[in-house]
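Everything below concerns the one structure shown next.
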Amino acid sequence: MSKKIGKKIAANLAFGLCLSPVLAFAQNVPQTINKDTNYWPAAQYDENVPTLKQVLGYEHGEKITNPSDIIKYLEALQKFAPDRVVIKDYGKTWEGRRLVYVFVGSRENISRLDEIRVNSVALADPRKTSIAQKNAIIANQPVIIWYTNSVHGDEISGADASLKLAYHILAVKNDPKYDEIRKNSLVAIVPSQNPDGRERFLASNLQATGANPNTDEFAAERDQPWPGGRMNHYNFDLNRDWFALTQPETQGQTKAFLEYYPQVVVDAHEMGRDGNFFFPPEAEPINQTHTQEQKDLRAIFGAGNAKWFDRFGINYFTREVYDGFYPGYGDSWPTSQGAIAMTYEQASARGLAAIGKDGNVLTFKDTVKNHFIASLATIETAALNRARILNSFYEFRKSAISEAEKAPVKSYIIPTQTNISGADKLAAVLARQGIEIGQANSSFSACGNDFAAGSYIIARGQPAGRLVYNLLERNVPLETNFAKKQYKLRERGQDDEIYDVTAWSLPLLYNLEVKTCNIVPNVSQSAASKDFIKQGSVDKNNPQVGFVIEAANNAFNRFVAQGLNNGLKMRAISEDFAIDGKDYKSGSIVVLKNENDENYEIKVSNIAQKTGAKAIGLDDSWVTKGPSFGSIKSVRLKLPKIAIAWDFPTSPYSAGNTRFALEQKIGLNVTPLRVSRLKSPNIDRFDVIILPDTNGDYSSYLGEGGINNLKQFVVNGGVVIGLGGATRFMASERSGLINTKIETIKNPKKDDKAQEINDEKSYLDAIKPEDNAPVEIHGVILKVKKGEDHWLTQGLPNDLYVMYQGNAIYSPLTRDQGENPLYFAPKEEIVGGGLIWEENKARLAYKPFAMVAKKGRGFAIGFNADITYRAHTDGLDELLLNAILQSSARASKN
């Protein structure tokens, strides 16, 4: 536990104590408080304000409040004091639950809520707001505090603490110091960022709870069934989605955030039972775009929290575990916008009470109380430092512009390209994050390249310029000393300190061409659309032969799926071809008039418009290059019945991400299937079975009977697709679905002679196991290349980028055992972004990323990574589609 306060922080705190009465708002609280006393023993409350017990029937911390009752209580507060409480909706979850945030403040601040919003937006753009105007705004502007809670549904205490916080702000009385705090701050509370996950956790918890809470760590009430309550409906970790914007929860909150540009953000979490409480300063590594002022202010908040935690006798720690590198967290994304944003982590009871390894019982009420105290300490610090925080926000946005003037890259340009729908979506994703992005109204030249009208231009020199850099750079480097330390730890065989992925470049994950330029092109531009899917088109009515839709485009994926769903007969051309003077990539489809019903043209038109595809009409079928439409290489596609393994031992993330990619991004229906069902002969009703990534072992769950059943399914004409860890199962001797070998690192054991150890290297070699796996990789973007022409890679570029995690390395399939359509690039060019160990880089080079084995009448397909990772990898959606449609079209089921 760290409770040391640096001299600079202590000086700042002392400065505040001398000059402001605000810090002493709870002046009646003794210097040391017994941990068993009430939440805030000195507080006096207005008895007319509705309490939680009056509205819901229990005191704070006695029960875990469900999502609907959270809103019920907040609505009771709003009904009582509509001039001080305002609830706003920012969306709905997949399961239809409301997503809300609530402003709680003084009558004066709530009455001028719109003025405060306008002023905050003005501070966010220093190009339009002069220093004099900035100073005038700050003189009368409260600091906006955005307090978000329970982004993980089973991290339960933050949401309940937020109800106590709302009550306290509204009801506390006879405290002139707190009146000052209400004047200087405006609090927006997001009580539950993930109500679907919370409801799932509560269902399992309540079902298993007995007459009294069971404190045992293995008790069913906290031992959650798969997939657990952490994730949302589609099993997404919403705390990794802030810049990808795949889910309604994050899409809605980022939009609300940008309406107010809060200057202080707290993301309240829970950790395991045997921790205590974490708040900043955070651990290394820290993203290089964080300014020193942001770090200093986070330390001041930490010191303020520490002061109150000391008085209440609450243990805490700082500077460990929780880092500030990945920009998609609920604290790091607001930081990239200029906020002072912080993660708070409270040890969790995962129910009403839990015993720890130290023998002490932690209650839900304890956890609610600790988060509540942290929230009051945070608001106090924010109010005390109001002017400095507002100025810091303005200066962050201003310095983002000046910093770009010195940077070698002044702009990023997304050219028009084959995957124009992918480019459109990337532009929309950026625009939805408050990034200014223009679309060229005419062609132009810049940095030695010619660009067509419609190309997108993103200048780094804008208030959100640091976020631009974070999302569009191929690689955001780790701090040098931290990276060196990790290499040293790995050399010694010790665990590294990396918390999450070290690469996230959106251009690479989308597999799009994005150019960097040392100038900002001078060309007329229109603001980019925020629509993820633009309307498609049909270029010709009543064509004589039919339509062609080009592959290598995200809109193509959606068109094919919707076309099959609507009964269109389509053929995929297996090689590149040319017709009517235009070249088309392999995998492009034709919809022929003579193979479809009389309404096919209406279907094509409607589907093209909805999916963003462009259908090109054909008046003759004369192909000038490549296969003719009647060729054996013109493969009839069919709508397969797809199942996905669901439940243990699959990774909930991988299962959910893959289902989401198929259902929501592409548009194919999929049946979630309990893994135990794979033992049943009834699986022959499906054409394709997807095995998501896993950290467990499919073999132990399937047993010999299930494994043989799966093998027979393939032999009989089915397709099994393995993602990430599932490929390890498929490549095992026990499974035999893919006849490859999982590579290990050989460390030949010494002979009977005593081994001589002369230096550190020989010592490290001596303690290595004889046969060990390569070192784990946390998450890097690697380049893979197409091998020989293959239906799996139709329509894809020669080079692809994939997110790779883990340590699996496979030997290439020999020609008699199968094919290797994709392999990792040579060592010199394999890294797209992120930190990878040299040993892994060398051993992965030229090894297969995708393997296809023909077994009987069916196929086994294995990928050495999860190609739907977090649904960030839009550039691999067509690979997933090929794996499903192209394989099932070639398999032969009786």
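The values are calculated or read from the model by the stated rules, or taken from the named source; none is laboratory data. It should be emphasised that the depicted structure is a prediction, and the values quoted were computed from it without experimental measurement. Note that we place each Cβ from the backbone using ideal geometry, even for glycine, and neighbour counts take in every protein chain shown. Just the protein is used for accessible areas: all its heavy atoms, side chains included, with ligands, DNA and RNA removed. Shrake-Rupley method; radii C 1.70, N 1.55, O 1.52, S 1.80 Å.
Annotations
- Computed from Cα positions, the angle between helix 386-406 and the longest principal axis of the chain comes to roughly 30 degrees.
- A probe of 1.4 angstrom, applied to the heavy atoms of all protein chains, finds residue 259 with accessible area near 80 square angstrom.
- Between residue 827 and residue 481, full extension at 0.36 nm per residue minus the direct alpha carbon distance yields a gain of 122.2 nm.
- Extending 7 Å from Cα along the Cβ direction at residue 453 and again at residue 72 yields two label points whose distance is 5.9 nm.
- Full extension of the chain between residue 442 and residue 132 yields a length gain of 107.8 nm, computed as 0.36 nm times the residue separation minus the alpha carbon distance.
- Surface analysis of the range 517-652 yields an accessible area of 47 Å² per residue, using protein heavy atoms and a 1.4 Å probe.
- Relative contact order %, the range 187-271, counting alpha carbon pairs below 8 Å whose residues are six or more apart: 26
- In degrees, nearest ten, helix 600-611 long axis to first principal axis of the chain (Cα): 30
- Sorting 175-182, 598-605 by their mean Cβ neighbour count within 10 Å, with the most densely packed peptide first, gives 175-182, 598-605.
- Fraction of the pair-distance distribution of the chain above 57 Å, Cα-Cα pairs, percent: 13
- Protection proxy ranking, peptides 703-715, 855-867, average beta carbon neighbours within 10 Å, highest first: 855-867, 703-715
- Peptide packing for 408-419, 339-350, 263-274 was compared via the average number of neighbouring C-beta atoms within 10 Å per residue; ordered from the highest value, the list is 339-350, 263-274, 408-419.
- Around the amide H of residue 651, modelled in the peptide plane, lie the amide H atoms of 693, 694, 695, all under 5 Å away and 5 or more residues distant in sequence or on another chain.
- Residue-normalised accessible area of the range 140-260, expressed per residue, 1.4 Å probe, Å²: 27
- Mean separation of Cα contacts under 8 Å (6+ apart) over length of the range 841-894, as relative contact order %: 29
- For residue 185, distant residues with modelled amide H under 5 Å away: 143
- Between residue 609 and residue 220, the simple spin-label model (points 7 angstrom out along Cα→Cβ) gives 5.4 nm.
- The separation of the range 417-463 from the range 142-162, counted between C-alpha centres, amounts to 36 Å.
- Proximity of backbone amide H atoms, modeled 1.01 Å from N, is registered between residue 580 and 624 at under 5 Å, excluding neighbours fewer than 5 places apart on the same chain.
- Cα centroid separation, the range 228-278 to the range 571-599 (Å): 44
- Förster radius 35 Å - calculated FRET efficiency between residue 799 and residue 636, Cβ distance, rounded to 0.05: 0.70
- Centre separation in Å (Cα based) which lies between the range 794-860 and the range 328-394: 42
- For the range 145-161, Karplus couplings with θ = phi - 60° (6.51, -1.76, 1.60), whole Hz, Gly/Pro x: 10, 9, 9, 9, 9, 6, 5, 9, x, 8, 9, 8, 6, x, 4, 5, 4
- Efficiency of FRET from Cβ geometry, residue 759 and residue 602, R₀ 56 Å, rounded to 0.05: 0.15
- 3J(HN,Hα) along the range 461-476, derived from phi through the Karplus expression 6.51 cos²θ - 1.76 cosθ + 1.60 where θ = phi - 60°, amounts to x, 9, x, 9, x, 5, 5, 4, 4, 4, 8, 9, 5, 5, 8, 9 Hz, with x in place of Gly and Pro.
- The ellipsoid equivalent to the alpha-carbon distribution of the range 481-580 has semi-axes of 44, 23, 14 angstrom, derived from the gyration tensor eigenvalues as √(5λ) and listed largest first.
- C-alpha long axis of helix 554-565 to longest principal axis of the chain, angle in °: 70
- Note on the chain: antiparallel DSSP beta bridges, both residues inside, total approximately 65 percent of the bridges counted.
- Length gained on full extension, residue 715 to residue 565: 51.3 nm, using 0.36 nm per residue less the C-alpha separation.
- Taking the charge dipole of the chain about its Cα centre, with +1 at Lys and Arg Cβ atoms and -1 at Asp and Glu Cβ atoms, the residue from 609, 821, 265 reaching farthest to the positive side is 609.
- For the chain, calculated [θ]222 nm from helices alone, where every DSSP H run of n ≥ 4 adds -39500 (n - 2.57): -10000 deg cm²/dmol
- When 763, 698 are compared by accessible area of protein heavy atoms, the largest-first order is 763, 698, using a 1.4 Å probe.
- FRET efficiency, 1/(1 + (r/R0)^6) with R0 51 Å, evaluated for residue 259 and residue 357 via beta carbons: 0.70
- Label-to-label distance for residue 593 and residue 537 is 2.2 nm, based on points extended 7 Å past Cα in the beta-carbon direction.
- The residues neighbouring residue 517, those whose beta-carbon lies less than 12 Å from its own, together hold a net charge of +3 under the Lys/Arg +1, Asp/Glu -1 convention.
- Seen from every direction in turn and averaged, the convex hull around the alpha carbons of the range 622-708 projects onto 8.1 nm².
- Area of residue 51 that stays accessible when all protein chains are in place (1.4 Å probe, Å², to 10): 40
- Whole-Hz ³J(HN,Hα) from phi, Karplus 6.51 cos²θ - 1.76 cosθ + 1.60, for the range 512-519, glycine and proline x: 10, 7, 10, 9, 9, 9, 8, 9
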